[in-house]
Amino acid sequence: MFPVTAKRIAARVQRLSAVASFLKLVRCEDASAAIEFAVVATPFLALLFAIMETALLFLANQTLETAAQNASRLILTGQAQNQSYNMVSFQQAICSSLASFFNCNNVLVDVRTVPNFSSANTCAPVQNGQIQNNFTFTPGNPGDIVVVRVMYQWPVYVSLLGLSTALAGNMSNSNALLMATASFRNEPYQPTPPQ
């Protein structure tokens, strides 16, 4: 067959030592814990931050909902009308119920009277990813049907697997539009006569 030469023996030994080195490297478990931690920690931390941000978003939405309901009661009972509230003073009434992590300058308010409940617009005023700011403040008279919409653009930071898009809904920036709505018929309060 083939004569065995020193050159061929050296080549075989070199190949066997390369295979042996590779097998030794594969069997080595010194750094396996660090590698496994690196592989598992990244998605775990991303998921953890996404869960915390989603929980904070729901907390903020509930806080905005409560503040809108409390401030809407001022219109419902006629206190806002009798005290000549405008949009700014109503916005301040809402902000007094909000937590400190809200920026009151970013609270948007829309108060409208409508002829009946079925014609009440309770949709988010977003078109092409932007808020359509055609808001008014008309709290109405006794017996009028009023729709109060309170909005806030909440910043979304974690963009894990499209989470920011899912939370933001139809906003074009990385903010989620939080919106609280109240629809009610004003009580038959006694209007304060003009002075």
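Taken together, the values in this text are just the output of simple stated rules run on the coordinates, not laboratory data. Quick caveat: nothing in here was measured; it's all calculated off a predicted structure. In this analysis, Cβ positions are derived from the backbone assuming ideal geometry, glycine residues included, and neighbour counts consider all displayed protein chains.
Sort Arg149, Arg8, Arg112 by Cβ crowding within 10 Å, fewest neighbours at the top. Don't skip to the end; give the middle numbers.
Details: Arg149 22, Arg8 11, Arg112 17.
Fewest to most other Cβ atoms nearby, the residues stand as Arg8, Arg112, Arg149.
Could you go through the range 177-188 in sequence order and give the Karplus-derived ³J(HN,Hα) for each residue, using 6.51 cos²θ - 1.76 cosθ + 1.60 with θ = phi - 60°, rounded to whole Hz, and x for Gly and Pro?
Values per residue, Gly and Pro as x: 8, 8, 9, 10, 10, 9, 10, 7, 9, 4, 5, x Hz.
In the P(r) worked out for the range 35-185, what percent of Cα pairs fall beyond 20 Å? Present the calculation step by step, with values, prior to reporting the outcome.
Details: 6079 of 11325 pairs.
The answer is 54 percent, as a whole percent.
What is the fewest-to-most order of Tyr157, Tyr85, Tyr152 by other Cβ atoms lying within 10 Å of their Cβ? Don't skip to the end; give the middle numbers.
Values: Tyr157 11, Tyr85 20, Tyr152 24.
Fewest-to-most Cβ neighbours within 10 Å comes out as Tyr157, Tyr85, Tyr152.
From the backbone phi of the range 65-72, what are the Karplus-calculated ³J(HN,Hα) couplings (6.51 cos²θ - 1.76 cosθ + 1.60, θ = phi - 60°) in whole Hz, Gly and Pro given as x?
Per-residue couplings from phi come out as 4, 5, 5, 5, 5, 5, 6, 5 Hz.
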